[in-house]
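One structure below.
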Amino acid sequence: MNHPKGPILDGSMVDSRIKDEGAGKEQSVLSDIVSFFTSVRTTIVILCCLAIASILGTIIPQNINLEDLRRTASPFYFRIVVILDLHNLYRSWWFIVLLLLLTSNLLGCLLQRLPKIPKEWRGAADKGSVSFHRSDSRPIHEVKGMLTESVSKLMNKNPTVVEGGEATELVWVKHRIFLLGFPLIHIAIIVILVGGLIGLLYGFKGNIQLREGEVGNRFVLYPSGAIATLPFDIAVDSFTLTRYETGQPKEYRSDVVILKDGKEELKGPIRVNQPMTFEGISLYQANYQVVGVKHVRLSVKGVDGAEEEINIRPGESIPLPGGELQIKLASLDPGTTSRGAGVEIDVERAGKQDRVVKVFRNDSDPAKVEDAKIRFLGYEPLYATGLQIGYDPGTVFVWSGCGLLIAGFVIILFTNLSAVSIRLTQGDGRTKIRVHGRSRRDRAQFREQVEATIRESLGKSSSGA
Amino acid sequence: MTSIELITYVTFSYLICAVVYLLACISTEQESGFRSGALGLLIIIWCVHTFAIGLRWVESYQMGIGRAPLSNLYESLVFFSWCIGLGLILVRMKFRTDIVVLIGLPVAFIALASTSLLDPTIKPLIPALQSNWLVAHVVTCFLGYAGFAVSFVAACLYLVSRGFNSLEPYLPNQRLLDEIVYKSILAGFPMLTIGIITGAAWADYAWGSYWSWDPKETWSLITWMVYSMFLHARLARNWKGRRTAALSVVGFGAVLFTYFGVNYLPGLHSYF
Ligand code: HEM
């Protein structure tokens with residue numbers, strides 16, 4: 001990867017155009033396609049299109065009911081919406097086509113460029129930040145010795161020496177890992193896009209509602225609303241809602257057991273931000289509902305003045321002090337009036353309804369039933385927990401891609417490729433010296449350093465050529 | 001003193017610092033003692049700012065809530081201006097140009113001053129926001145935004161310098177401005193990338209899907225694409241000067257929209 005002054009791309013595109021002039025028409029169509037898929041201009045155009053499409057998606061409401069639209073919108077608009085999937089834009093065919101084009105563009109660019117890396121790895125620096133020639137009256141081996149010593153000091157390492165025929169080449173390359181930075185970033189993005197595509201094709205999402213104490217495996221698929229079955233059962237032991245002192249919710253927690261063929265496989269809590277995963281399927285705490293009452297807490301005071309706290313479950317009959325009367329829950333008000341939460345209680349005498357009393361949390365006086373005084377203390381709701389179900393085999397790719405992406409950034413930000421190559425040849429009784437050098441950062445400074453090093457090392461007996 | 005009081009002092013200190021900086025830039029030459037003094041003042045204020053954020057963190061533990069101060073609009077604005085302060089100090093140290101600081105300081109001040117319109121109390125976190133990914137997400141996103149803000153300031157100066165020849169002598173050298181436009185994006189872009197990744201990780205833990213195309217996510221992706229276009233234009237197509245400066249301005253527009261404008265769009269994520 002050549003930087004920024006002389007992108008190899010531009011050079012290679014020019015090359016292919018020159019070749020095309022001699023070739024037939026078909027080949028130029030082919031090379032047009034190739035250069036379409038390997039050009040940064042295409043990338044910029046596709047990115048622009050994706051950006052505009054994404055903006056549209058945030059303006060047009062997504063995932064709405066199409067039936068409503070059919071009734072209200074004009075037929076023409078409705079057809080466009082259906083063909084272009086405007087209300088499901090991010091999963092529409094054309095959006096996916098754009099993503100595929102982006103992926104091919106990236107891939108094309110990579111394939112074009114990867115083969116060049118080994119050469120650069122070895123130190124070839126045809127285009128660079130420094131390039132000059134000198135000649136010297138001393139013989140090659142002497143010049144070679146002097147330059148090796150001084151440039152090695154500058155580059156902080158020893159050169160690779162290539163002796164080929166009459167030419168001797170000395171090459172120093174530092175931080176060559178930098179060459180992998182940009183390919184890594186692009187590979188990472190391909191991996192992420194592929195992961196997203198896998199998720200779109202093979203993943204599913206859904207929702208399951210289970211009461212405390214319930215076991216189930218049938219859930220509703222999103223967004224189709226179809227019913228599907230999990231390969232295991234979920235048993236919900238309990239759902240707990242904890243609050244801060246201010247009343248704001250602090251934690252939602254479902255304690256569940258995963259059962260497979262009736263055997264317990266996994267047990268534990270599911271909280272918001274702490275999903276549970278079994279066989280690749282993850283369960284997330286999504287919401288909850290109050291679906292009933294577990295028990296109601298009442299305080300009952302008899303004639304003797306002794307106060308007793310009782311828990312009464314729906315359907316249960318409890319005798320009042322004295323033993324003649326029994327009470328039973330009739331209905332619960334979770335707190336719709338200013339009296340607060342409360343219950344309606346059937347009072348029974350010998351199995352027959354005697355009367356109905358109501359007690360509420362905020363009542364100042366207790367309800368009187370003969371000699372007994374009843375107060376409402378509170379109730380324990382019966383919850384149903386809503387779990388979101390997600391299966392996405394693409395996430396592994398997405399996260400690996402993200403890892404590669406970050407690795408790529410670390411490489412390009414914290415390494416600095418620099419290289420010097422010196423080629424020595426004999427000609428006209430003098431030693432000819434060709435120096436190439438490049439650095440990614442601080443180019444001007446690097447150029448000065450290289451020039452000064454070589455000037456000082458050779459001294460007066462050499463001259464610029 | 002509580003962190004909230006401290007932040008109000010910091011807010012006005014940034015204003016004072018901006019005035020001192022202005023005086024220093026008008027009355028003295030580059031690298032004068034006065035100017036270094038103004039920079040020193042900025043660094044001190046920034047350290048107090050850092051301390052105030054830390055103090056707020058400690059206070060939340062004392063209240064038994066215990067969370068990083070990064071979750072509501074008040075806290076994120078305080079943190080945003082902290083990032084801008086950091087960005088300005090780094091740019092000043094690396095490029096030795098005072099005017100970017102001079103323009104950036106009022107931005108930090110306005111960001112902080114606008115917090116006075118918001119509820120500053122420390123509230124407990126609702127369950128969906130209790131995640132370390134969220135902390136990493138907010139920190140990296142804002143560091144990225146700060147880089148983009150610095151680039152934006154430099155880009156505006158560059159465009160002014162190119163557009164009005166009469167002002168050119170008063171502004172830093174165009175080559176330098178162009179370099180700042182590019183380098184700050186080069187620093188901000190990986191931060192934004194990591195911010196988006198950690199945000200996706202958080203969403204994956206909280207909602208079971210790493211990407212759900214809600215407007216905030218979508219807009220951060222759009223921002224990312226704009227800056228990606230910037231980098232490609234610059235690195236692969238060798239764009240420079242006016243065109244990249246314009247892209248930097250567009251990119252910052254996307255940043256602002258991601259941060260503020262998205263709330264006006266339909267259908268936001270509601271945090272459980
Ligand atoms: C949105 C995802 C991306 C796509 C689709 C993409 C695509 C491309 C393409 C097609 C090229 C042209 C290759 C060539 O010049 O032959 C390119 C070059 C380049 N890309 Fe990306 N890229 C993406 C992300 C990135 C990122 C995140 C960076 C990091 C800053 C980056 C940095 C570069 C650089 C520096 C070049 C020029 C390489 C050179 O000329 O040596 N790209 N990219």
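The values are calculated or read from the model by the stated rules, or taken from the named source; none is laboratory data. Everything quoted here is computed from the prediction, not taken from an experiment. Using ideal geometry, Cβ is built from the backbone for each residue, glycine included, and neighbour counts are taken over all protein chains shown. Each accessible area value is taken on the protein alone, full model and side chains, heavy atoms only, with ligands, DNA and RNA left out. Shrake-Rupley method; radii C 1.70, N 1.55, O 1.52, S 1.80 Å.
The table for this structure:
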read-out: Of residues in the stretch A:234-273 being more than 14 Å from chain B (Cβ to nearest Cβ) and charged (D, E, K, R), the one nearest to residue B:134 (Cα to Cα); value: A:255
read-out: Residue match in the stretch B:92-101 (condition: assigned to a helix (DSSP H, G or I) and of a type in the set (Lys, Arg)); value: yes
read-out: Residue in the stretch A:217-226 that is part of a loop (DSSP other than H, G, I, E, B), open to solvent by 60 Å² or more (accessible area, probe 1.4 Å), over 30 Å from residue B:60 (Cβ atoms) and without any contact (Cβ under 8 Å) to a residue 40 or more places away in the chain present; value: yes
read-out: Inter-residue pairs, beta-carbon under 7 Å, first touching a residue at least 24 places away in the same chain (Cβ under 8 Å) and in the stretch B:214-239, second in a helix (DSSP H, G or I) and near the ligand (Cβ under 8 Å from one of its atoms), 6+ apart; value: B:224/B:193; B:227/B:189; B:228/A:47; B:231/B:189
read-out: Residue count, the stretch B:215-234 (criterion: open to solvent by 20 Å² or more (accessible area, probe 1.4 Å) and more than 15 Å from the ligand (Cβ to nearest atom)); value: 3
read-out: Test: residue A:83 is open to solvent by 60 Å² or more (accessible area, probe 1.4 Å) and either away from every other protein chain (no Cβ under 14 Å) or more than 30 Å from residue B:261 (Cβ to Cβ) (or both); value: yes
read-out: Some residue of the stretch A:120-133 being out of contact with any helix residue (DSSP H, G or I) (no Cβ under 7 Å at 6 or more places or on another chain), acidic (Asp, Glu) and over 30 Å from residue A:414 (Cα atoms); value: no
read-out: Extreme residue, surrounded by the most Cβ atoms within 10 Å (Cβ to Cβ), among residues of the stretch B:235-254 that are within 16 Å of the ligand (Cβ to nearest atom) and more than 7 Å from chain A (Cβ to nearest Cβ); value: B:248
read-out: Selection status of residue B:194, facing chain A (nearest Cβ under 9 Å), open to solvent by 10 Å² or more (accessible area, probe 1.4 Å) and in contact (Cβ under 8 Å) with a residue 24 or more places away in the chain; value: yes
read-out: Condition check for residue A:134: surrounded by 13 or more Cβ atoms within 10 Å (Cβ to Cβ) and within 16 Å of the ligand (Cβ to nearest atom); value: no
read-out: Residue check, residue A:114 farther than 22 Å from residue B:225 by Cα, modelled with pLDDT of 85 or more and within 15 Å of the ligand (Cβ to nearest atom); value: yes
read-out: Of all residues in the stretch A:282-300 being small (Gly, Ala, Ser) and surrounded by 15 or more Cβ atoms within 10 Å (Cβ to Cβ), the one that is farthest from the chain's Cα centre (by Cα); value: A:299
read-out: Members of the stretch A:36-63 that are near the ligand (Cβ under 10 Å from one of its atoms) and open to solvent by 20 Å² or more (accessible area, probe 1.4 Å); value: A:37, A:41, A:43, A:44
read-out: The one condition in (1) crowded, with 20+ Cβ neighbours inside 10 Å; (2) more than 14 Å from the ligand (Cβ to nearest atom) that residue A:426 fails to fulfil; value: (1)
read-out: The stretch A:236-277 - residue that is among the polar types (S, T, N, Q) and over 23 Å from residue A:294 (Cα atoms) and, of those, surrounded by the fewest Cβ atoms within 10 Å (Cβ to Cβ); value: A:246
read-out: Test for residue A:11: is it among the small types (Gly, Ala, Ser), loosely packed, with under 15 Cβ neighbours inside 10 Å, within 16 Å of the ligand (Cβ to nearest atom) and modelled with pLDDT under 75; value: yes
